[in-house]
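One structure is given here, and the rest of the page talks about it.
The values are calculated or read from the model by the stated rules, or taken from the named source; none is laboratory data. None of the values given here were measured: they were computed from a predicted structure. A quick note on method: Cβ atoms are made from the backbone with ideal geometry, for glycine too, and the neighbour counts reach across all protein chains shown. The accessibility values were calculated without ligands, DNA or RNA, using every heavy atom of the protein model including side chains. Shrake-Rupley method; radii C 1.70, N 1.55, O 1.52, S 1.80 Å.
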Amino acid sequence: MLLTAGFGCWYFVRKNQYPPWLLKATIAMTFSGWVATLAGWYVTEIGRQPFLVSGVLRTADAATQIPSGNIALSLAMYLSIYFLLLVAYISTLFVMAHRAIRLEANNLHVSDMQTDPAAVGGGMSEKQFNLEKQA
Amino acid sequence: MGLSFLIYAILDGYDLGVGVLLPRDNQAQRDSMIYSIGPFWDANETWLVMAIGLLLIAFPSAHSYILQGLYLPTAIMLAGLILRGVAFDFRTKAPSRFKQKWDLAFKLGSLLATLTQGYMLGRYVTGFEETNAALAFALLSAVCVTAGYCFIGSAWLVMKTEGNCRSALPAGPDTVIC
């Protein structure tokens with residue numbers, strides 16, 4: 001992740017442009033920060049077993065007495081919600097990126113959207129809306 | 001702690017109520033209703049976090065007893081609140097053909113949150129009794145809390161909106177909910 005970021009900066013300073021292969025590599029790195037965070041979290045969680053608070057509280061003593069069926073149910077619920085949200089998030093990211101491309105192709109700028117009262121509070125500007133209808 | 005629960009019920013009550021009251025057939029009304037709570041709902045929900053945090057710090061054994069008794073409703077309420085918070089952001093950024101779906105998610109999330117909050121209140125008041133009467137009371141409490149939230153939600157809309165959105169309100173929560 002750091003290498004890609006550093007190399008991308010260096011390349012842009014030298015050549016003043018982003019070639020397609022570098023942009024594709026950046027897309028591929030989208031979840032690298034997330035993976036790094038999770039990996040660090042795994043290391044701390046697993047590394048301090050069998051304690052929940054090192055030397056103070058054992059994991060076995062802190063486990064809940066709620067029926068395990070309930071826990072499984074809520075875990076399944078959270079997992080399915082987060083899966084759906086992940087799909088929605090990624091597709092929305094691409095929609096927003098494509099929208100920006102269309103705005104550029106039509107020589108519109110972000111400032112056009114911001115001056116539009118409908119855009120205040122995250123609303124969709126009329127120009128943007130018309131563009132979507134055209135597409 | 002009691003104060004934060006009270007403030008939470010009043011403040012988040014009106015924006016949950018507005019969410020439950022969203023009409024399904026009128027995009028412009030939905031927009032103005034959601035914009036009316038836009039700057040406030042997030043701060044309102046913070047009172048719940050503070051109330052639960054205070055419960056944990058001030059009364060740890062009550063905290064563990066209550067939240068173990070109410071584990072599933074709490075999980076469902078959280079799912080509702082997640083749906084609501086996410087739908088709020090996605091509805092303006094997703095393609096416009098999905099906007100109605102996100103609005104529906106906002107409405108359902110609000111409804112889930114109000115119903116489970118009412119149910120939890122009912123269970124708490126009856127001391128987590130497992131009798132049929134206690135469960136029936138909790139279900140009744142779920143409906144009544146939702147109705148109460150809808151009521152303060154409509155009061156908020158009367159204060160904040162004008163025109164069609166406002167004149168549509170006296171139709172009453174029971175006709176608008178479904």
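PRE reach from B:Val49 (point 7 Å along Cα→Cβ): which of the stretch B:71-102 fall under 16 Å by backbone N? Output list for this probe position: B:78-79, B:81-86. At the residue level, A:Trp41 shows approximately 140 square angstrom of accessible surface with a 1.4 angstrom probe and all protein chains present. Applying 1/(1 + (r/R0)^6) with R0 = 30 Å to the Cβ-Cβ distance of B:Leu140 and A:Arg48 gives a FRET efficiency near 0.05. Here is how the number arises for the protein assembly as shown: DSSP H runs of 4 or more residues each give -39500 (n - 2.57), the sum is divided by the residue count, and the result at 222 nm is -25500 deg cm²/dmol.
Using the structure shown, select from B:Lys107/B:Lys160; B:Lys99/B:Lys160; A:Lys24/B:Lys107 the pairs with a Cα to Cα distance greater than 31 angstrom. The pairs that break the limit, which is 31 Å between Cα atoms, are A:Lys24/B:Lys107. Which of the helices in chain B, when you take each full DSSP H run, stretch at least 15 Å along the axis at their Cα atoms and have an average Kyte-Doolittle score of -0.5 or higher? Span-like helices in chain B: B:2-21, B:27-37, B:41-58, B:71-93, B:99-125, B:132-160. Counting only protein chain heavy atoms and rolling a 1.4 Å probe, the accessible areas of A:Leu52, B:Leu16 rank, largest first, as A:Leu52, B:Leu16. Take the Cβ atoms of A:Val56 and A:Phe83, set R0 to 41 Å, and the FRET efficiency comes out at 0.70. I need the shape label for the stretch B:2-177. Rule: rounded when a/c is under 1.5, else prolate if a/b > b/c, else oblate, with a, b, c from the alpha carbon gyration tensor. Verdict is prolate for the stretch B:2-177.
Computed about the Cα centre, the dipole magnitude for the stretch B:2-177 is approximately 500 debye when only Lys and Arg (+1) and Asp and Glu (-1) carry charge, each at its Cβ. For the pair A:Phe31 and B:Met1, how long in nm is the line joining their label points, each one 7 Å along Cα→Cβ? My value for the distance between the label points is 4.0 nm. Taking each residue as 0.36 nm, the span from A:Ser68 to A:Met96 lengthens on full extension beyond its C-alpha to C-alpha distance by 5.9 nm. Binning all Cα-Cα separations of the protein assembly as shown at 20 Å, short to long from zero, yields these whole-percent fractions: 24, 50, 25, 1. Ordered from largest to smallest accessible area (heavy atoms of protein chains, 1.4 Å probe), the residues A:Asp61, B:Asp15 come out as A:Asp61, B:Asp15.
Accessible area per residue was computed with a 1.4 Å probe on protein heavy atoms; A:Ser91 scores about 60 Å².
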